[in-house]
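Nothing in this text is a laboratory measurement; each read-out follows from the coordinates by a stated rule. Here the structure is a predicted model, which is why all the values come from computation and not from measurement. Note that we place each Cβ from the backbone using ideal geometry, even for glycine, and neighbour counts take in every protein chain shown.
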Amino acid sequence: MTKSKQNHESEQLAVAATPKTARPVRLFQAVLNQFLRGKKDDTLEMRIGYYFRDPELLAQAVVHRSWIVGRDLEYYQTNERLEFLGDSVLNMLVTDYLYHLFPKLPEGDLSKKKGAIVSGKALAESARLWGLGSFLRVGKGEAKGGGREKESLLADAFESVIGAVYLDGGIEPCRKVLEKALFPSIERILSDEDFVNYKSLLLESMQAKSLGMPEYQVLEEAGPEHQKIFHIQVILNGEVCGKGQGASKKKAEQEAARAALSALGLAN
């Protein structure tokens, strides 16, 4: 057998031994990179104000779990791990910002302000400033149900982008992104009752009275995957104190917490 033939057969064996997911993964990344950078004069990076060394991080940040259904992709390739990371980075930077903005404010008041600033409603508004919904990759059912404009999906995607920026460039680029996308809105957010974080208020009220921790239980998930309505109750010391519903668990928990505060006579 000639040396060239041996090399050719070795290459064929190498291709055959390649994991089946390798090509789809590369295709997945290439398609998203093209999508995100397709318009040279109006890319998502331009809107964010940060240019990635590894654009695949940004690509992953816009992938909702519904998009991978029917594709040869794994769960970990959605934006949920980046969302988990971005949530922590966001909370730390907002805390640092508030600490310096209000040098004499006690911890409890700072916590309330932070809760409003990192609420789903506030983050979704920041995501809309980028037009992030148009870049989200969601499944057909989710898209038909208006998923790209859902508050919960936009807020989660915003956190995912922050997580992606952190992995790509560290903490300071994240701070600069927030200085443009979130921090200028803080004064308005703190003066708007719509941004109240009822879960935080309920928790702080229970802790102040030494009444234990609120427990949230899902009663029901109704409707199709792309239009689910969550029904949740909050329990305090073994008793149901409030119920709520919403298009996401976070929203339903907020509504349940609001109902509990009202029932306990602690509503503002």
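Decide, for region 108-224, between rounded, prolate and oblate: order the square roots of the alpha carbon gyration tensor eigenvalues as a ≥ b ≥ c, take rounded if a/c falls under 1.5, and otherwise choose prolate if a/b is larger than b/c, else oblate. Before the final figure, lay out each step's value.
Details: a/c = 1.97, a/b = 1.20, b/c = 1.65.
The shape class here is oblate.
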Over region 198-263, what relative contact order in percent results from Cα pairs under 8 Å that are six or more residues apart? 29
Would you kindly state how much longer the chain becomes between residue 216 and residue 143 on full extension, computed as 0.36 nm times their sequence separation minus their alpha carbon distance, in nm to one decimal? 23.4 nm
Gain upon complete extension [residue 76, residue 102; 0.36 nm per residue less C-alpha separation]: 5.5 nm
What would the Debye formula give as log10 I(q)/I(0) at q = 0.17, 0.33 Å⁻¹ for the alpha-carbon point model of region 147-192, no solvent? -0.59, -1.03
For region 161-268, shape from the Cα gyration tensor axes a ≥ b ≥ c, cut at a/c of 1.5 then a/b versus b/c, turns out prolate
Spin-label pair residue 263/residue 225, simplified geometry with 7 Å Cα→Cβ offset, distance in nm: 3.4
Taking placed amide H atoms and a strict 5 Å upper bound, the residues 5 or more places from residue 219 or on another chain that come that close are 231, 232, 233
Estimated vicinal HN-Hα couplings, Hz - region 216-222 in sequence order (Karplus 6.51, -1.76, 1.60; Gly, Pro = x): 9, 10, 7, 8, 6, 10, 9
